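Notes follow once the structure below has been shown.
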Amino acid sequence: MKLSIIVPVYNEEKTILEILKRLDELSIPKVIKEVIIVDDGSTDSTRKKLTKIKNAKVIRHDKNKGKGAAVKTGIKEASGDYIIIQDADLEYHPKYIKNLVSEIEGESSVVYGTRLNRLPHLNKEEKKHLFIFHYFGNRFLSLVTSVLYGRWITDMETCYKLFPKKAVEKMRINARGFEFEPEITAKLLKSGYKIKEVPIVATPRGYDQGKKLNTVRDGLKALWYLVKYRFTN
């Protein structure tokens, strides 16, 4: 099996080389890896550092278009049987990708890595309330997803979404930003795919470390898109 790992990146000069090192070290039996990096218009030294990369395909956007747009570019370039998204920060360790791949059954498996079977790690006391707010916000959105689409899911917003390329190659994805998460989940479920969840551990970073997701703004967008795509295409 061939696995395409799409890495959308925007201004991650502090973490990009380390996450790519971890991906390079990732070994999955009977799986050929393909790493596709989409530099979404970075303005720091990320672009310069990516010129040193040899074991991955690098695609560049001239300007920042958003995570969803970067993922769409990666999907177009992917040649694998399956696709998974890997954020360019260090919140998600690639070692868990192996756990998701091991749950593939047949050609129509969709596997998500769930962080929400426990409370999140809280590394900084002064940021604790922000992480808890994000945690319960995601819990709520996942519950809404379960109710609207009739399939129980605990972590709709997880980065680790593993799906067959055939499930998305003809799918119309409209999202440009973080609304990619609810849109692709909604459309996979509406297409008849069942999502299996595998526990993973993530290490959330703070906004002072470069976190880009805005819990309130992006949470409200996610809620709107979950409702929207329940009744439209």
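The values are calculated or read from the model by the stated rules, or taken from the named source; none is laboratory data. This structure is a prediction, so every number in the text was calculated from the model and none was measured. Please note: Cβ atoms are built from the backbone with ideal geometry, for glycine as well, and neighbour counts cover all protein chains shown.
The figures follow:
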item	result
Only listed residue being under 23 Å from Thr154 (Cβ atoms) and not β-branched (Val, Ile, Thr), chosen from Leu116, Leu23, Leu17, Leu50	Leu116
Residue match in segment 140-159 (condition: under 18 Å from Ser4 (Cα atoms) and modelled with pLDDT of 90 or more)	yes
Positions within segment 34-63 being closer than 13 Å to Glu12 by Cα and of a type outside the set (Asp, Glu), in sequence order	Ile37, Val38, Gly41, Ser42, Thr43, Ser45, Thr46, Arg47, Lys48, Lys49, Leu50
Condition check for Ile37: more than 18 Å from the chain's Cα centre (by Cα) and closer than 17 Å to Ile97 by Cβ	no
Conditions (1) closer than 21 Å to Phe178 by Cβ; (2) surrounded by fewer than 16 Cβ atoms within 10 Å (Cβ to Cβ); (3) among the aliphatic types (A, V, I, L, M); number of the one not met by Leu90	(2)
Inter-residue pairs, beta-carbon under 8 Å, first closer than 18 Å to Ile83 by Cβ and in segment 24-48, second assigned to a loop (DSSP other than H, G, I, E, B) and among the polar types (S, T, N, Q), 6+ apart	Glu34/Ser79; Val35/Asn55; Asp40/Asn64
Residues satisfying the stated conditions in segment 1-59, i.e. at positive phi and crowded, with 16+ Cβ neighbours inside 10 Å	Asn11, Gly41
Subset of segment 139-156 (residues that are part of a loop (DSSP other than H, G, I, E, B) and under 16 Å from Glu179 (Cα atoms))	Asp155, Met156
Qualifying residues in segment 171-198 (those that are part of a loop (DSSP other than H, G, I, E, B) and hydrophobic (A, V, I, L, M, F, W, C)) - the one farthest from Leu226 (Cα to Cα)	Met171
Answer residue from segment 182-192, given it is closer than 25 Å to Met1 by Cα and either among the β-branched types (Val, Ile, Thr) or touching a Lys or Arg at 6+ places or on another chain (Cβ under 9 Å) (or both) and is surrounded by the most Cβ atoms within 10 Å (Cβ to Cβ) among those	Thr185
Which listed residue is modelled with pLDDT of 90 or more and in contact with a Leu (Cβ under 7 Å, 6 or more places away or on another chain), from Phe178, Phe163	Phe163
Residues of segment 157-170 classified as in a loop (DSSP other than H, G, I, E, B) and crowded, with 18+ Cβ neighbours inside 10 Å, total	4
